[in-house]
Amino acid sequence: MRINGMHNGSAFITLLLSYLAIFLLPLAFGSILYTKTSNIMVDNANRANFAMLEQFRQVMDIKLKEVEQMSQQIALNARLQWLINNADTAEISDAYKYVEFVSEHMSRYQNASNFIYDYYIYLGANDTILLPTAKTTGEMLYNRLYHPIGISFDTWRSGLLDIPHYQDYIPSTYETPSGNKLDTITYVQTLPLGELSAIRGALVIMLDMNKVRSMLTQIESAYQSSVFILDREDRLIVGNEEQSVLWNQFRGKVTKDVPYEYSDQGVDKMLLTTVSERNGWNYVLIMPKEVYLEKVDTLKNWMMTLLLICLVGGAAAIVFWLHRNYTPLRDVVRVLQKERPGQTAQLANEYEFIRETIRMTLHEEQELRHILSRQTPVIQASFLSRFVRGHVDVSRMTDESLRFMDINLISESFAVILIDIADFSRFSTDQSERQWALIRFIISNIANDLIRERAWGYSVDLDQNRLALLVNFYTEVQVDASQELDSIADRLMHVIEKKFKTYITIAIGDMHEGMDGVGESYFEALSALDYKMYRGHSAIIRYSEIAAADRHYYYPIETESQLINFTKSGDVDNVGKLIDNLFHAHFSTRRITPELGRSLFNNMVSTLWKIINPMDPFYNEVFGNGFEPLKELSTCATVDEMKVKIRDWFLALCHFLNESRSRNTSLLSDRIAKYIEQHYGDDMLSLTMIAEQFQLTPQYLSALFKKQTGMNLTDYLTRVRIDEAKKLMKNKKLTFTQIANKVGYATDIGFIRVFKKYEGTTPGKYRESL
């Protein structure tokens, strides 16, 4: 047994002392357990016997309650009240009214309770007895039916009519017509109910004493005990009269619900009592103590026997287990000594040696795990980044490889959420890589906490401003996966924007089954993220919402021509309305894909170039040097920003063309006026001829001339001709026909009509006035 380098038998002694302590424990605990168990069993015996007595009392209370309820129903019967009040009048002489009451009311209670032997009503005014099935007289009842033994008729009658009774129970013995004795508990109730002086009758209910004795006999035979009942005045109702005499000796010593122990002729007995709250009856149980504590004594004997067996068996077990347990310990220590020679010189016993060996081994393993753990986050992040993008061959993945990377997947249901960080300038003005890493770390930790409330998942950095969340659903929440993803996104958006003042865009891919579906969900989320140009920052975009987006846009040649014409004509209102309608039709009424949206913007920029190219280089006055609209559009994050830029460009061009046209228009009106002054004598000169001369439409020419001069062009031509005619009228040699021809009128009739319209007088009168 000796081990080199250790104190001889140190572990052996420790084991021996341990087994001896275990051997002695049953002695200490056995005595405590014996005492506690004994007390518990005695208490259980008390409760069981009290419960039995209490159950008997409850049964009796129920039976007596039935009797009292029956008494109340009969006593308060309106027909009975009428019979009682009119018993001594001539009207009641008709026996039919009694028979009618008996048949309609008294007979109905015959089966009210199996404890009731018989019952009747005694009306003292006319000495009438009303039985359940018949009517008779008091004397007939006394002599022929129920003759109280030892009581005269007058005494019996006086006891019913002269003394008020309210639910009184009186033990009575009657002699039946067959000569047998009938033991009853007689219930007496004075009539009318509650009357103390003017007593007119009594209700008598005879309870079958044999029924009560039968219940007592069952208890007494089962438990070798005696049971008796006393009323509230300690009169014996039911039971052994000899035993009840003892009650007077112990009445002052007995406490309710506490067993009382006494000795009777050398026999120890237990006395229990309980009192009915309903009628004050006292129920008493007397039982031999050996019967009362029979189960307790049996348990004590078994416990002593088992204790002795445990002591003997424990001594044998010590010898066996001491040898069995120390031998393997010795062999283990000897093997370890060969691996670590010289280590036992400073150790006290075998346990110290094994503990130190294990500690050193665990320390070495911990150092190795620490080295690996420092690399695990990097390995995990690299794997998750490829796994989320669908660049991992899932067929070669194993549970062991996932555990090595500290990745635990709980089901085959996955979804990917992409988070795009738009602006964290309110959180930190420092836009260094350190701050980017910090905000990604914050979002990643909050997202992981939110995911793992109802599911499982991981976060991984994809770019400086982008993270991906891999969500792995529990089986029981897969049905509500869409709601769970929405809840995660909503709460994450709220926390990041409210607490960390950072604007983010969240894109959610659909849930897919199998690891192959992770990449598919990622590309769905990536497609949804493109729609941030429509939604802007602080948006949650679900792939399920954009999957049905339109795959075409409407920008026909007719619409482009309208935009060009409105812009060239400087029609600011129509240009604005047309651009607003285009954006409303494609981005409000319906949704087109981001790719088609960019194509639409490029086409509108192309339209802009079609207008400004012929103006080269004058468009620099509008947009400045180095105007690159496509590059400026690429810096816009949302559709609304793009719309504002495109609208501003077209409107700026409209304003520029209007200003240029305004400068040229004033020169044009002067040229038109000069042309009219030179050609007013031509009778073919008209608005149409002048418009052709200046290559303009008559409508535009008329509107332009009136806008610049405030006068219609036709009125201006007429005024020039009238003014010239007035000059010619000074020469009286010229006729009105000649003057009309000189100023552009073919006949003098038309000239005279126009002259009178504008001057208010005829040419002849005007010449006379010169």
Subject >> Every pair of residues 6+ apart whose Cβ atoms lie under 9 Å, when the first sits in segment 194-222 and is on the phi > 0 side of the Ramachandran plot while the second is open to solvent by 70 Å² or more (accessible area, probe 1.4 Å) >> reply: Gly194/Tyr166
Subject >> Candidate set from segment 536-561 (those that are open to solvent by less than 50 Å² (accessible area, probe 1.4 Å) and among the charged types (D, E, K, R)); member that is modelled with the highest pLDDT >> reply: Arg542
Subject >> Criterion violated by Arg721 - all others in (1) modelled with pLDDT under 85; (2) open to solvent by less than 70 Å² (accessible area, probe 1.4 Å); (3) of a type in the set (Lys, Arg) satisfied >> reply: (1)
Original post:
Under the condition of being assigned to a helix (DSSP H, G or I) and among the aromatic types (Phe, Trp, Tyr), which residue from segment 232-272 is nearest to Lys65 (Cα to Cα)?
Top reply: Trp247
Original post:
All but one of (1) modelled with pLDDT under 85; (2) open to solvent by less than 90 Å² (accessible area, probe 1.4 Å); (3) among the aromatic types (Phe, Trp, Tyr) hold for Trp436; which doesn't?
Top reply: (1)
Original post:
Within segment 428-436, can one find any residue that is under 30 Å from Ala637 (Cα atoms) and within 35 Å of the chain's Cα centre (by Cα)?
Top reply: no
**OP:** Return yes or no: is Gly280 touching an Asp or Glu at 6+ places or on another chain (Cβ under 8 Å) and at positive phi?
**Re:** yes
Original post:
Looking only at segment 207-234, which residues are closer than 20 Å to Lys63 by Cα and either small (Gly, Ala, Ser) or open to solvent by 50 Å² or more (accessible area, probe 1.4 Å) (or both)?
Top reply: Asn210, Lys211, Arg213, Ser214, Thr217, Gln218, Arg232
Original post:
Looking only at residues in segment 406-422 that are surrounded by fewer than 17 Cβ atoms within 10 Å (Cβ to Cβ) and under 20 Å from Gln375 (Cβ atoms), which one is nearest to the chain's Cα centre (by Cα)?
Top reply: Asn408
Original post:
Among the residues of segment 441-454, is there at least one that is surrounded by 18 or more Cβ atoms within 10 Å (Cβ to Cβ) and within 16 Å of Ser411 (Cα to Cα)?
Top reply: yes
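Hey, among the residues in segment 367-403 that are of a type in the set (Ser, Thr, Tyr) and part of a helix (DSSP H, G or I), which one's farthest from Ser413 (Cα to Cα)?
Ser373
Would you check which residues across segment 483-516 are assigned to a helix (DSSP H, G or I) and crowded, with 21+ Cβ neighbours inside 10 Å and list them?
Selection gives Glu484, Leu485, Ile488, Ala489, Leu492, Ile496.
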Original post:
Of the residues Tyr522, Tyr555, which is among the aromatic types (Phe, Trp, Tyr) and assigned to a loop (DSSP other than H, G, I, E, B)?
Top reply: Tyr555
Original post:
Is it the case that Ile564 is crowded, with 17+ Cβ neighbours inside 10 Å, modelled with pLDDT of 70 or more and farther than 28 Å from Met493 by Cα?
Top reply: no
**OP:** Using the structure shown, decide if Leu450 is closer than 20 Å to Glu497 by Cα, under 20 Å from the mean Cα position of the chain (by Cα), free of Cβ contacts under 8 Å to residues at least 60 places away in the same chain and in a helix (DSSP H, G or I).
**Re:** yes
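Would you pick out the residues in segment 418-432 that are touching a residue at least 40 places away in the same chain (Cβ under 8 Å) and more than 23 Å from Arg542 (Cβ to Cβ)?
Phe424, Arg426, Phe427 - these are the residues of segment 418-432 that are touching a residue at least 40 places away in the same chain (Cβ under 8 Å) and more than 23 Å from Arg542 (Cβ to Cβ).
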Original post:
What is the residue count in segment 336-366 for residues that are open to solvent by 70 Å² or more (accessible area, probe 1.4 Å), more than 15 Å from Phe12 (Cβ to Cβ) and at pLDDT below 80?
Top reply: 5
**OP:** For residues that are open to solvent by 80 Å² or more (accessible area, probe 1.4 Å) and among the charged types (D, E, K, R), scanning just segment 66-93, find the one that is modelled with the highest pLDDT.
**Re:** Arg79
**OP:** Might you let me know whether segment 244-260 holds any residue that is surrounded by 12 or more Cβ atoms within 10 Å (Cβ to Cβ) and at positive phi?
**Re:** yes
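Out of all the residues in segment 567-577, which are open to solvent by less than 30 Å² (accessible area, probe 1.4 Å) and part of a helix (DSSP H, G or I)?
Thr567, Val575, Gly576
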Subject >> Matching residues, segment 115-163, being open to solvent by less than 60 Å² (accessible area, probe 1.4 Å), assigned to a loop (DSSP other than H, G, I, E, B) and over 24 Å from His105 (Cβ atoms) >> reply: Ser152
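Give the residues of segment 684-718 that are β-branched (Val, Ile, Thr) and open to solvent by 60 Å² or more (accessible area, probe 1.4 Å), sorted by residue number.
Thr688, Thr697, Thr709, Thr714
For (1) of a type in the set (S, T, N, Q); (2) farther than 19 Å from Gly536 by Cα, each residue gets a yes or a no:
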{"site": "Arg434", "(1), (2)": "no, yes"}
{"site": "Gln478", "(1), (2)": "yes, yes"}
{"site": "Ala507", "(1), (2)": "no, no"}
{"site": "Met515", "(1), (2)": "no, yes"}
{"site": "Glu520", "(1), (2)": "no, yes"}
**OP:** Tell me which of these Ile170 doesn't satisfy, since it passes every other one: (1) in a helix (DSSP H, G or I); (2) open to solvent by 60 Å² or more (accessible area, probe 1.4 Å).
**Re:** (1)
Original post:
So, in segment 273-296, of the ones that are in a strand (DSSP E or B) and either of a type in the set (Lys, Arg) or within 56 Å of the chain's Cα centre (by Cα) (or both), which residue ends up surrounded by the most Cβ atoms within 10 Å (Cβ to Cβ)?
Top reply: Thr273
Subject >> Matching helices (runs of 4 or more DSSP H) fully within segment 602-710 where at least 1 residues are modelled with pLDDT of 80 or more and β-branched (Val, Ile, Thr) >> reply: 639-679, 687-693
Subject >> Candidate set: segment 724-770, residues that are among the aromatic types (Phe, Trp, Tyr) and not in a loop (DSSP other than H, G, I, E, B); chosen: the one most open to solvent (accessible area, probe 1.4 Å) >> reply: Tyr758
Original post:
Would you say Arg47 is buried (at least 17 other Cβ atoms within 10 Å of the Cβ), closer than 21 Å to Val258 by Cβ and under 52 Å from the mean Cα position of the chain (by Cα)?
Top reply: no
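The values are calculated or read from the model by the stated rules, or taken from the named source; none is laboratory data. As the structure is a prediction and not an experimental result, all values here were calculated from the model. We place every Cβ from the backbone using ideal geometry, glycine too, and count neighbours over all the protein chains shown. Ligands, DNA and RNA are stripped out before the accessible areas are found, and what is left, the full protein with its side chains, is counted by its heavy atoms. Shrake-Rupley method; radii C 1.70, N 1.55, O 1.52, S 1.80 Å.
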